[in-house]
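Some notes on the structure that comes next.
What follows is calculated from the coordinates using simple rules that are stated; it is not laboratory data. Being a predicted model, the structure only gives us computed values, none of them experimental. Cβ atoms come from the backbone with ideal geometry, glycine included; neighbour counts cover every protein chain shown.
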Amino acid sequence: MRPPSSDGDEAPPRTQVHLVRLLSGFRALRVRNYRLYWTGQLISMTGSWVQVTAQALLVLQLTNSPLAIGLVASFQFLPVMLLSLFGGVIADRAPRYRMILLTQTLAMILAVIFGSLVGLGIIQLWQVYLLALLQGIVNALDTPVRQAFAVELVGREDRPNVVALNSIVFNGSRIVGPALAGLLIGPLGIAAMLYLNAASFLAVMIGLLRMDTGQIAQEPRPPARVISQLREGLAYTWRTPEVLLVMILIGAIGTFGYNFSVTLPLIGGFILHTSPASYGLLGAFLGLGSLTAAVANAYMGSFTPRRMIIAAAAFSLLLGAVATTSNFAVAAALLFALGFAGISFTTAANTVIQLRVPDDLRGRVSSLYFMLFAGSTPIGGLLIGVTASFFGVPDALLICATLCLLGVCAALLYQRSIPRHVSPQTLDICGDLERQP
């Protein structure tokens, strides 16, 4: 009989098991095309957050006005509200690979123009508004295409992991971008940050050009009228309870809560009175909480409606708590928790959309999701700017937190109205998928 193995003999297998479990959260990266895309997005999104931080500080320098901050966000996201549904139709009809190359090139050109205006010292507020509007048009066309394209690069069994890894990109860049901007704006200036963002788009384009396009399988879409395709996507959302539940929540949280391009500058400038470096740290703490949640979600096998609603409620309460403190350390801790709750909610919501919706409708339903999540910013951003101008920043944030909570209550009421034989479909979407042969 073989003697029992010593601890030293057992260690390698245990180490291997732990390593396999650790890497399982990043399993979609084994697909080369997605790995190239993911890496390019990580660099590009970091550059985008550098520009967001620099743009907010520029507007504060030009105006010192909460309303101006809100108007910049309104101009940037107004095209998303008006055009993202049409972007979803394009995502379901046009070659997504070529569309992303086009939109990323346009975004890079806009960043170069912005940096040149600032570098030459001729930037004016109306030019910031115009560039924000043009960037919003590009985003309205780009985002639904990118969301549909990312899950197209891998097999269906890896799609839940792709949603989580995309969230890691978004939130990892939210840590690095603001912190990098806060460190570099002082010695290099705002124009250099905008040029840095322009250069970051090259990473996406290089990754796309190195892909094996023969492995990107997009089924041909039969031509149809745009209005009929829009109607089809909206009708599907309306008659699918789990998708409609997501839209109710994302509409409330997106409109009144997820306006960080407006709220963070106001918190830093009018509540905490931060320096550029400290302002960058606020964004970094928010991003660190978001990244922590994104990594945790990468290892989760299921996302239930209850977990999604709890995360939305926690986000609403934490947003209200941020409004009540003027201490930097407390605010940083609350922003960390706020980021964690926010990504726990949005990852669950986006996973439902990416897995529940058929391939031929995903672009249109994703565009509705994006319209409610980001396209509603003109409403929320303008509300925050106007309310803060009249009543102060803390009261404006408290009002928004209350409206978010009302949206959560509406989602709870709708969930209770769903027939019991329908709602279990959503209880373990990711788990059901993983159990498929």
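In terms of other Cβ atoms within 10 Å, Ile418, Ile185, Ile109 run from fewest to most in the order Ile109, Ile418, Ile185. Please work out the FRET efficiency for the pair Arg210 and Phe391, using the Cβ-Cβ distance as r and a Förster radius of 56 Å; give the result to the nearest 0.05. For R0 = 56 Å, the calculated efficiency reads 0.60.
As an exercise, take the mean of 1/r over every pair of distinct alpha carbons in the stretch 242-286, invert it, and state the Kirkwood radius in angstroms.
Working: mean 1/r = 0.0839 Å⁻¹.
Every distinct Cα pair counted, the radius reaches 11.9 Å.
Roughly speaking, what % of Cα-Cα pairs in the stretch 109-212 are separated by over 21 Å, rounded to a whole number?
Details: 2637 of 5356 pairs.
The proportion of pairs with Cα distances above 21 Å equals 49 percent.
Starting from the Cα of Arg32, move 7 Å in the Cα-to-Cβ direction to define the label point; list residues of the stretch 182-210 whose amide nitrogen is under 12 Å from there. Under cut-off, by backbone N: 210.
Counting beta carbons within 10 Å around each of Thr255, Thr274, Thr324 and listing the fewest first gives the order Thr324, Thr274, Thr255. Peptides 195-204, 398-407 ranked from most to least packed by the mean count of surrounding Cβ atoms within 10 Å: 195-204, 398-407.
Evaluate the Debye formula for the stretch 340-421 with equal point scatterers sitting on the alpha carbons, no solvent, and hand back log10 of I(q)/I(0) at q = 0.19, 0.22 Å⁻¹, in q order, two decimals. Results for the stretch 340-421 at q = 0.19, 0.22 Å⁻¹ read -1.05, -1.19. Database remark: amide H of Met211 closer than 5 angstrom to no amide H (H placed geometrically; neighbours at sequence offset of 5 or more, or on other chains; Pro and chain starts carry no H). At 7 Å along the Cα-to-beta-carbon direction for both Ile122 and Leu183, put a label point, then send me their distance in nm to one decimal. Each label point is offset 7 Å from its Cα along the Cβ direction, giving 3.4 nm.
If R0 is 45 Å, the Cβ-Cβ spacing of Ser278 and Thr402 corresponds to a FRET efficiency of close to 0.95.
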